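Working notes, beginning with the structure itself.
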Amino acid sequence: MDIVIVGGGAGGLELATRLGRKFGKRKQANITLIDRNNTHLWKPLLHEVASGSLDMGVDSLSYRAHAYNHKFKFKLGSLSGIDRAAKDITLAPLFDDDGKEILPERRLSYDILVLALGSVTNDFGTEGVRDNAMFLDAATQAERFHIKLLNGLLKLNRHASTDSNAVYRIAIVGAGATGVELSAELHNTFNTMKAYGLSELQSEQLKISLVEAGPRILPALPERISASAHKELLKLGVDVKTNTLVAKSEPNGFVTKDQQMIEADIQVWAAGIKVPDVFAQMSDLETNRINQWIVKSTLQTTLDDHIYALGDCCAYIMPDGKQVPPRAQSAHQMATHVYKNICLQMKGQPATKDYVYTDYGSLVNLSRYSTVGSLMGGLAQGSMIIEGRIARFMYVSLYRMHQLALHGWFRTGLRMLSDSINKVIRPRLKLH
């Protein structure tokens, strides 16, 4: 049996790893993972790559090496077509930076196809955003932001000695977890750069604006957590603007609906998600308004039992009428569920297990300053608000759970030891 997984994010990679251990090792099935990148980085960490708190070169995982270790195959490529009748997919040609073809268009057959393509930021068609703002959907974008940030701080340090009014402005639209966490990480980066030689920098020279269309930041989290995070951001000097709609983006900043200008040297758009239009147009599978594939309770697509969808690209409506939120914990749970149903299909049985989403709560890390969140479901009786060191420990544990799913206890333990050593021997910040 040929099992093809498109997308090497948290859910897709965990699923390929488990299937490889179970069936690839025994040569009972051919498992193939496809991704457009050579390396994997847990998406919730992208804001740390952008700020320099995390070095992608150290913390990213090679798909090819991981595939070798866990008995599945990896193919580099981008999905460009799905032929449900022929049961195959098409991968677009791959070109280098000079436009020369590396790999031609390829077709790959499947018996079971899993779509785990993730999502991208939704700009809602806002004028100028695509031209002027930066996104944090991929590691390459986070790296680009990091380089621009370092260059901007170098320039600010040069002018600061002669111009007391010199400032560096960063405007972030979207006060969800990414926007809030990035705001805090940027303050940490600024203060750390002062210690690493940019001695002319003064705290008041960094101006961060966090813009949210709704009445409060972190709208998906309980109000108490939102209020606590808001208070911490204000302590850092972040200008939090709620009930503020952005009408357009210009080269020098965002323009609000009431024609106020939010000036910015770097503009970041982190509001909302969608699946790229091109993916929704590849087949006649049922999709919703943001191009997510609609699935049944088994996480099989509504029109084809041979195709699953999981993670951010999947739209599953729970019995209470709510949609499963696009979170890392959702992708992890969906990957486990799809694995169980594929195991049934490997035995010649229909996929009958119904997916049940369990909300274990949400945590938001405000760099070294604070961590806030709530525990729910199996982690606490009812719900429990946590802050400080306990919340920070739980936040780190989420990443460790992802590593456990990929590497097992022994290798994850070694990685934890390596991380502890790196904190001593490496700079606190990526400086290049």
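The values are calculated or read from the model by the stated rules, or taken from the named source; none is laboratory data. Keep in mind that what you see is a predicted model, and the values were worked out from it rather than measured. Positions of Cβ are backbone-derived with ideal geometry, glycine not excepted, and every protein chain shown enters the neighbour counts.
What tally of residues in the stretch 130-145 results from selecting those that are in a loop (DSSP other than H, G, I, E, B) and among the small types (Gly, Ala, Ser)? Let's see the steps before the verdict.
If we filter the stretch 130-145 for residues that are in a loop (DSSP other than H, G, I, E, B), which is where we start, we get 133, 135-138.
Still in the running and among the small types (Gly, Ala, Ser): 133, 138.
Residues that pass the stated criteria total 2.
In the stretch 146-263, counting only strands (runs of 3 or more DSSP E) that sit wholly within it, the ones holding 1 or more residues that are over 30 Å from Pro325 (Cβ atoms) span 168-173, 206-211, 246-250, 253-256, 261-263.
Of the residues Leu103, Leu115, Leu136, Leu108, which is assigned by TED's automatic domain parsing to the domain that holds Ala86 and surrounded by 19 or more Cβ atoms within 10 Å (Cβ to Cβ)? Reasoning before the result, please.
Values: Leu103 fails: surrounded by 19 or more Cβ atoms within 10 Å (Cβ to Cβ); Leu136 fails: assigned by TED's automatic domain parsing to the domain that holds Ala86; Leu108 fails: surrounded by 19 or more Cβ atoms within 10 Å (Cβ to Cβ).
The conditions single out Leu115.
Taking (1) aliphatic (A, V, I, L, M); (2) within 25 Å of His337 (Cβ to Cβ); (3) surrounded by fewer than 17 Cβ atoms within 10 Å (Cβ to Cβ) in turn, Ala92 satisfies each apart from (2). Taking the criterion of being more than 16 Å from the chain's Cα centre (by Cα) and surrounded by 24 or more Cβ atoms within 10 Å (Cβ to Cβ), the residues of the stretch 21-51 that qualify are Ile31, Leu33, Ile34.
Scanning the stretch 276-291 for residues that are under 18 Å from Met318 (Cα atoms) and touching a residue at least 24 places away in the same chain (Cβ under 8 Å) yields Thr287, Asn288, Ile290. Look at the stretch 196-235 and say how many of its residues are more than 27 Å from Gln260 (Cβ to Cβ) and either surrounded by fewer than 22 Cβ atoms within 10 Å (Cβ to Cβ) or not hydrophobic (A, V, I, L, M, F, W, C) (or both). Within the stretch 196-235, residues that are more than 27 Å from Gln260 (Cβ to Cβ) and either surrounded by fewer than 22 Cβ atoms within 10 Å (Cβ to Cβ) or not hydrophobic (A, V, I, L, M, F, W, C) (or both) number 9.
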